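What follows is a short report on a single structure.
The values are calculated or read from the model by the stated rules, or taken from the named source; none is laboratory data. Bear in mind that the values here come from a model prediction, so they are computed numbers and not experimental data. Every residue, glycine as well, gets a Cβ built from its backbone with ideal geometry; the counts of neighbours run over all protein chains shown.
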Amino acid sequence: MRTETAGVTETLIESAKKEFLEHGFQNSNLRRISSESGVSTGSIYTRFGDKAGLFSAVVKPAADGLMELYLESITAARESGDPAEATSQGNEGTELVLKYIYENFDVFKLIFCHSAGTEYEYYFDELAEIEEKYYREFVKQFSRRENMVSDFFIHVICRTGWSYIYEVVSHDLSYDEAQIFMKSIREFCFAGWGKVLGQNYEDLGL
């Protein structure tokens, strides 16, 4: 019985993922998911509560995994003792995050592009807020300029940083294409941070 239930749940999850990818959350239909999976709509409500609960079941494992990975990356960068080490940790973290996203590509396309009306609609904002908090600390610790970088500058830059990830996902870039693109973005951004903070390019380990 447990095996049968697990199989039904997996089938529902896959059918729901396909429906949400094609129609988005708001325009998706539980009857189509029910028909695709061979499970009654009543069974869907019993297992997941409602359509939002089903969407959460589809994306939550990967979303939680990325959040954990990203927090570990940010912590490692925060605990580094110099800007070059922080940059190195940041580069490594970006590569790990990108790899994880591509290992769960369909789920993150749902979160970034099709989650309006769900609790994951603001997942992107949560990631940007975490990065913003880290960069405030980074600026205070490593700036050599008399005038500190404004919080608004940091806010916009961090929002833009996650927009790059959104763009590679929403445009269906291959993993290799995304890696090349993000490498260029990292070089571009860290060169800019070096100028803003009064750090030499070499001091950032680039």
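Brief remarks follow.
- Among the candidates Ala16, Ala77, Ala84, Ala57, the residue that is touching a residue at least 60 places away in the same chain (Cβ under 8 Å) and farther than 23 Å from Ala128 by Cβ is uniquely Ala84.
- One residue alone among Ile157, Ile111 is under 21 Å from Thr75 (Cβ atoms) and either β-branched (Val, Ile, Thr) or not assigned by TED's automatic domain parsing to the domain that holds Ser73 (or both), and that residue is Ile157.
- Test: residue in segment 93-103 that is assigned to a helix (DSSP H, G or I), farther than 30 Å from Gly53 by Cβ, free of Cβ contacts under 8 Å to residues at least 40 places away in the same chain and more than 16 Å from the chain's Cα centre (by Cα): no
- Condition broken by Asp64, with the remaining ones in (1) among the acidic types (Asp, Glu); (2) touching a residue at least 12 places away in the same chain (Cβ under 8 Å); (3) out of contact with any Ser or Thr (no Cβ under 9 Å at 6 or more places or on another chain); (4) within 30 Å of Gly49 (Cα to Cα) satisfied: (2)
- Annotation note: of Asp50, Asp64, the sole residue that is over 20 Å from the mean Cα position of the chain (by Cα) and at pLDDT 90 or above is Asp50.
- The listed residue being of a type outside the set (A, V, I, L, M) and not in a helix (DSSP H, G or I), out of Ser80, Ser56, Ser34, Ser73: Ser80
- In segment 105-142, residue farthest from the chain's Cα centre (by Cα) [restricted to those that are surrounded by fewer than 18 Cβ atoms within 10 Å (Cβ to Cβ) and outside any helix (DSSP H, G or I)]: Gly117
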